[in-house]
Every structure is written in structure tokens, then in C-alpha cells.
1. Below 15 angstrom from the Cβ of residue 386, what's the summed charge of the other residues (Lys, Arg +1; Asp, Glu -1)?
2. Taking R0 as 41 Å, what FRET efficiency do you get between residue 143 and residue 171 from their Cβ-Cβ distance, rounded to the nearest 0.05?
3. Report the local net charge at residue 608: Lys and Arg +1, Asp and Glu -1, summed over other residues whose C-beta lies under 13 Å from its C-beta.
4. Pull out a ≥ b ≥ c, the square roots of the eigenvalues of the alpha-carbon gyration tensor of segment 156-220, then state rounded if a/c is under 1.5, prolate if not and a/b is larger than b/c, and oblate in the remaining case.
5. Compute the whole-percent fraction of alpha carbon pairs in segment 384-474 spaced more than 18 Å apart.
6. Just add up the charged neighbours of residue 307: K/R +1, D/E -1, any other residue whose Cβ is under 14 Å from the Cβ of residue 307.
7. For residue 605 and residue 245, calculate 0.36 nm times their separation in residues minus their Cα-Cα distance, and state this gained length in nm to one decimal.
8. Which of the trypsin sites (Lys or Arg not before Pro) found in segment 412-476 are in a DSSP loop and have at most 13 neighbouring Cβ atoms, other than their own, within 10 Å?
Amino acid sequence: MIDIVSDFQAAGESLATGIVGRGFKTEAAEPHTAADGDRHVGWVGDAIPTDQFADRAADRRSRCVDDVNWHNTPLVVKLCTLMGMNPDAPVSADTLVTAADIARSAKITRAAVSNWRKRYPDFPAPASGAGRNARFSAAEVTAWLERHGRGQAPSSEVLIWQALRSAYGEDLVAGLADTAELLGNSADSLAQDLRSLVSELAAQSSPAEVVSGLVERFLSSPSRTGLEQTSTARLGLAMRQFAGDVSGVVFDPACGFGTLLLAFGEDAKITLVGQEINPDATRLTQARLALAGRDDATVRTGDSLRDDQWPQLQADLVVCDPPTNTADWGREDLLLDARWEFGVPTRAESELAWLQHCYAHTAPGGRAIVVQPPSVAYRKAGRRIRAELVRRGVLTHVVALPAGMAASHPLPVQLWLLARPKGSEQANSVVRMVDMANADPAGPFEPDSRHCVDVPLIDLLDEEVDLTPTRYVTASVGDHLAEYQSACAELASRLQQIGDLLPALAAGPGSLEGATLKVADLVRAGLVSIENGSATSASDQLDTDYLRGFLHSSANVKRATSGSGTFRVDVRGSRIPQMGIGDQHRYGAAFRALEEFERRLAALTKLGERASRLARDGLTQGALRPKTGVDQ
């Protein structure tokens, strides 16, 4: 429940000492002097001494706003209530509010209001004052907030994220670890208010989903600190796909938040072990694995290169997304280390130190999959080590992945696959180059003959030893032309079909007024079921397509967006308008048509991108050329 007295205390003395001269006026609220000579504020005919201002305002709020639904109260009511005004009276053009008033009504920080003023050119200009003393038109601010979907009731996940940022500051990794341990019943370090929020959200979904959502917010946060490197779920899925059949022990020596280990965690026959330099990240990984049903996994804390906690471990599969561009990786202390089987890496080649560390922990007959930046494939400093990897037949695949796979940068990455021969096993005589740089980062990655080529070792062992896949993977001229012509023909056919899919619509009333229903209430009443983030009607009085259509409204999407712009869907916090079943069916039919249109449009976009890519690659690689008069 919101404490209105605390709200007024936070507003400062200026609000409680009277509204005269500050522009806080409505047609129904006027400051005036009573017979006793004291200044008063309040509704006409109901004078309120200033020392009773906060108490009376709390009473007014209790009469106009249900405490439980304070978060869902219209912005204009919040603004009026926090200033002791009648929320039923229209806000006049003269009503002014401060940045602090806006922050409290929208349930954000003053810093967020300041950011809005800087980032959005259409944010209302001050009606009076400047800087910290600036005051804004309440009507203009309310219109701006509603237009941009700001100030809507934040989702539970957003509230937890904001509370964690407030409580832990830059030590958010510790906050995430404490949250995960609370949900796993292994520790209880969170404050009481945070425990309640976390438990409430976990009851609506699952403990593992709550932690995954918070981890995603951390990874997408531009100001994240406390972890050098961590992997995305996309990268974990890609690595799992290229790993193929896996059994035995899977080891990650730089496991971050445990994302790569979780990608292999569904198979109970696989033993999961890891190491992480950050103690809080170790706690978080251990807790996430336990929440996923893998409390048998073991993660140890320490610097893998300088302080290997698993010196005798030989794993069937080693997976790793190591830190990059780390000059101080311990080279001077590790010059005679037995792990440098292919050569001592230079200070600038920490990635090749990690690669050899992973190979050192690979059992005979086992494999290693290591994420590498593309520059490792051609940098001059690493040429000798690359040559030795190729010469011994240890390197089996180099896979170029698209941009958008990494958490710390928007650049493409590569997967290097290594294999340790078992006994007298014959070493590889080729390296398979796989170019998936133009694939969808969300996967799946299904390379065919157009994306792969087996390069004999002798062809790689030149003076450069360049292992960049795009250098070797090229399509034949005939296949390229046929592919391009086929894509163009399919594109033309689909363009003719898509125009008729949009539903026929008429002018509406301008806004959908009336009561709204919160999805969480519908779930509790048994009218809606939610599975994998998708809502389905469980009643013949609620149309599923109508429900899902309104869940995708801009207001509901923005309701799950934090002040920093981080987005994650939480359908339980969404609201839908209350309508009769006949109107629901009509809206549902329109939403179905739109969904089909959007689905085909997305397919058309991908087809268009493919046609464009084929044309561009064909022209630049010599597989295609512009037509001349002779070709017509």
C-alpha cells in the first residue's frame, strides 16, 4: 500500500505549506485565507489548515482511489491526489507539477524524468522556472505520459529489477544470486519487501523463469558491471546444436551465469561441472542449475588460467565462452605451463590461452567447443599456434555465426571445434569451414552444402593460416543463379497474395472507455490459462483471439518496459477491456486476420532479405553479373 503521508514528506516543505504562488490551481481547488488568518488549501467550501494538509489528502485519496489498485490508477488522478486536489475536477491549463511530482505519480525516479526530458524532444517544456525549479503543465505531462505509455502499472518483474538496482547498486550480480538462492531455498539474504515481490512473481510462473528473466534484464542493461563475460541463451542453443550427441562430463571453465551448462542440463545422464572467477556468479550459476533440477552440478570459484580448480579433470565435452582482449591473463607466471601444447600465446592472444586450457581438459576421444572473436582466425600474432592446431589435425570445424549472439558486443563470433584423438585414432585430414554469418541469430542453425566446405589441411598451411570460413565457402555459379531466380519468383507470387489479408475496418469511437480486467485476476478466477507466456481462454465467455489481440496492444507491451527501456513480456500484468462475447468475437476475427497478415509479412521480409543477400553475394563473388542487352 502507498503511504500518502510519506509521499508528501518526500515532496518537501513547499507542497505542504500552501499552493499560493506555485501555480497549483484547479476550478475546484483554491488556496485562501480563513477568518483565523491561517493559510489554507482545499476544495471550495472545505478549508484545510496546512498542518492537516497531508492527513486530509490521505483521506481524499482513500475516497477516490482503492489502495490495492493505486498502481492502476489513472495518471491524472495520481497527480491530483498527490497535490490534495479533487481528482474528479478537470485539470486546467494552469495546473503545474514538479519533476518530483511526475516521478511519484509514474512510480519512477527523478533521474528517469530527467532522462525523458533529454531523450524525447516532445516532452513538455517547463511552464515556469528552470532546472530543479522547473514546473510543468499537469495536463501536458499527463497527455505525454499516456501517449508514450509511461507511468502504466509496472510488471512485478520490473518492480523487482528496480528494487534490486536500488538495494545492490553496481553489485547486481550479488542481488541476482541472492534472489536465485531464495527461490531455491538455499539461502535468504533478501530484504523482506523484495522477498515478497519475488515470491509473488514465482507463484505466477516458476522460480527458474523469474531468475532467467532477471538475468536477461542484466544482460541487456547498458550499465551492467560485476562480470567480465557471460553468454546468451542464443549462444547456448547454437553450441548445443553443433555439439550433436553428448554424454559423460560437460565442463565450462568460464561459466559466467551458467548459460552454456544449462543448455546441456536437460539430459540427466550428463554430469555438469564448471568454474567461475566471480564468487557471486558462482552462487548464481549453482542456484540456476539447482532450479533447473540439476542440484548435482558442481561449480567452483577461481581464476581458471591462474588457479585451475579442476587440475585432474578430463571432460567428454568442454564448452567455453571466454573473456576476450584480456592482456593481463597471467602469461608471465605461466610461461612453463604444460597446457601450452601448441605454443605459448602472446599477451595479446588471451583467447588462444583459453582455447588451449579447454583442450587440456578434453579427454581422449572428447571434444571442445570454444567461442572466439573473428580476428583470432587471422591475427598475425596467433599464426604459429593456428598452424600447429591445423597441422596436428586437432581443429575440426570453424563455424562463423551471425551478429547478435554475444552479450557484450554486437559483432559476429565463431565457434572453434577441437577433438583429442583417442589411442591410435587417425587425426583429421580436413577442417570443415561453416559459414552461417547470414543466418537468423535466433536459429536454428542448419548448414547444408551451400554453407560448408571441407578444406584440406595443406590448403590452410600458408603464410597467413587464415581460418576465416567466408574465405573458403563459396556457392557455385549455376546454383547461385538458380537460387536467386527461385527467390525472385516466390517473392513476386507472395506479394500478390498479401494485400487481401488485412481486415476491413471502420472508424472507431476514438478510445475504448469502460471497465478493464487484469489478466492476473482472470487467471486467479480460472478464466484464463497461461503456458509458455501465451494466454488462452478457459471459458466460453472469453474469446482467445480477442484476449491475445489486446495483450499485444502498445499499452500492454509498454507496461512491461522499465524506465531504462529494458523489455520483457509479463502477460499477467496486462489489462484488457471488458466487452460482451459478440463484440469479442468481432475483435477476435480482426486480430486473427492481422496475425495471419503479420505472419506472412514476416515470411515475405525474410524472403526479400534472402533474395537481396543472394544478389549482393553473387555480384561481389562473381557468381552473378548485371544483365546486358545480349541477355534479354
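1. So the surrounding residues net to -2.
2. Plugging the Cβ-Cβ distance into 1/(1 + (r/R0)^6) gives 0.60.
3. Values: positive: 494, 600, 606, 610, 613, 616; negative: 490, 609.
For residues surrounding residue 608, the net value is +4.
4. rounded
5. 47
6. Residues close to residue 307 contribute a combined charge of -2.
7. 126.2 nm
8. Those satisfying the criteria are 422.
Only the coordinates and a few stated rules stand behind these numbers; no lab work does. Everything quoted here is computed from the prediction, not taken from an experiment. Glycine gets a Cβ as well: all are built from the backbone with ideal geometry, and neighbour counts include every protein chain shown.
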